[in-house]
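After the structure tokens below, expect a handful of questions from me.
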Amino acid sequence: MTPLATAAAPILQAAQLAAENGPALLAIDGRCGSGKSTLAEFLAGQLGCRVVHTDDFYLPLAVRCANWQQQPGANMDFIRLRNEVLQPLLRGETALYNAYNCAAGAFLPSKLFAAAPLTILEGSYSLHPALQTDFAVRVFVTCPPDVQAARLRAREGIRYTNFVQRWIPLEEGYFAAHDPAARCNFVLDTAEIFV
């Protein structure tokens, strides 16, 4: 069994139970570079479910508030994520939404998410109180700062500085203000899992 499979086993068990009583949502929040996406894809593969990414719900720059860079989560469209995706899925309905691509500065073609026993929401701010959504399973993924820095340098290259100057401080502000880890069923440190 791989380190990821071993670490994820209790999460997988909780997710299977939630799916039996579904429709249900599993949220994976945590630090950038900690392995949220990797964990989500692993769980989705094991459970045969789909993943919604919070990265698809950034607000276009033109509609963000003037000081969004000082407000954790102010770059996110929580209302659209909740109303177009999370609430319909919890009601057992199909969700239809357009992901926003920041690099292109445009909305992408519609994505259709059929109703399912379980759907995973993955990404920073997945457990932000503004979502006002009930998650059957809540997971917080983290890693030490040095591990995070090494992973982000490898993944982001020249964009790493932007993470240090903007995204990491915003995330840490969100964690300090709302402490999502304290409301989670599972807190997973991935320092020894993803090497």
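The values are calculated or read from the model by the stated rules, or taken from the named source; none is laboratory data. Treat the numbers as computed from the prediction; the structure is a model and nothing was measured. Glycine also receives a Cβ, built like all others from the backbone with ideal geometry; neighbour counts cover every protein chain displayed. These accessible areas exclude ligands, DNA and RNA; they are computed on the full protein's heavy atoms, side chains included. Shrake-Rupley method; radii C 1.70, N 1.55, O 1.52, S 1.80 Å.
Return the residue satisfying two criteria in turn: it lies in region 64-108 and is in contact (Cβ under 8 Å) with a residue 60 or more places away in the chain and among the hydrophobic types (A, V, I, L, M, F, W, C), and of such residues it is farthest from G22 (Cα to Cα).
Only one residue tops the list, namely L86.
If you scan region 5-63, which residues turn out to be buried (at least 23 other Cβ atoms within 10 Å of the Cβ) and either assigned to a loop (DSSP other than H, G, I, E, B) or free of Cβ contacts under 8 Å to residues at least 24 places away in the same chain (or both)?
R31, G33, S34, G35
Can you name every residue in region 64-80 that is at pLDDT 85 or above and assigned to a helix (DSSP H, G or I)?
Passing the criteria: F78, I79, R80.
Among the listed residues I168, I158, I120, which satisfies the condition of being β-branched (V, I, T) and under 26 Å from G45 (Cα atoms)?
Details: I168 fails: under 26 Å from G45 (Cα atoms); I158 fails: under 26 Å from G45 (Cα atoms).
From the options I168, I158, I120, the qualifying one is I120.
Please tell me if D146 is modelled with pLDDT under 95, part of a loop (DSSP other than H, G, I, E, B) and not β-branched (V, I, T). Reasoning before the result, please.
Numbers: modelled with pLDDT under 95: yes; part of a loop (DSSP other than H, G, I, E, B): no; not β-branched (V, I, T): yes.
Criteria not met by D146.
Another question about this same structure. Step by step: first the residues of region 88-103, then only those that are open to solvent by 70 Å² or more (accessible area, probe 1.4 Å) and assigned to a loop (DSSP other than H, G, I, E, B), then the one that is nearest to R50 (Cα to Cα). Which residue is that? Give the derivation first.
So in region 88-103, the residues open to solvent by 70 Å² or more (accessible area, probe 1.4 Å) come out as 91, 93-94, 96, 103.
Among the residues that remain, those that are also assigned to a loop (DSSP other than H, G, I, E, B) are: 91, 93-94, 103.
Working: R91: 16, E93: 14, T94: 13, A103: 24 Å.
It comes out as T94.
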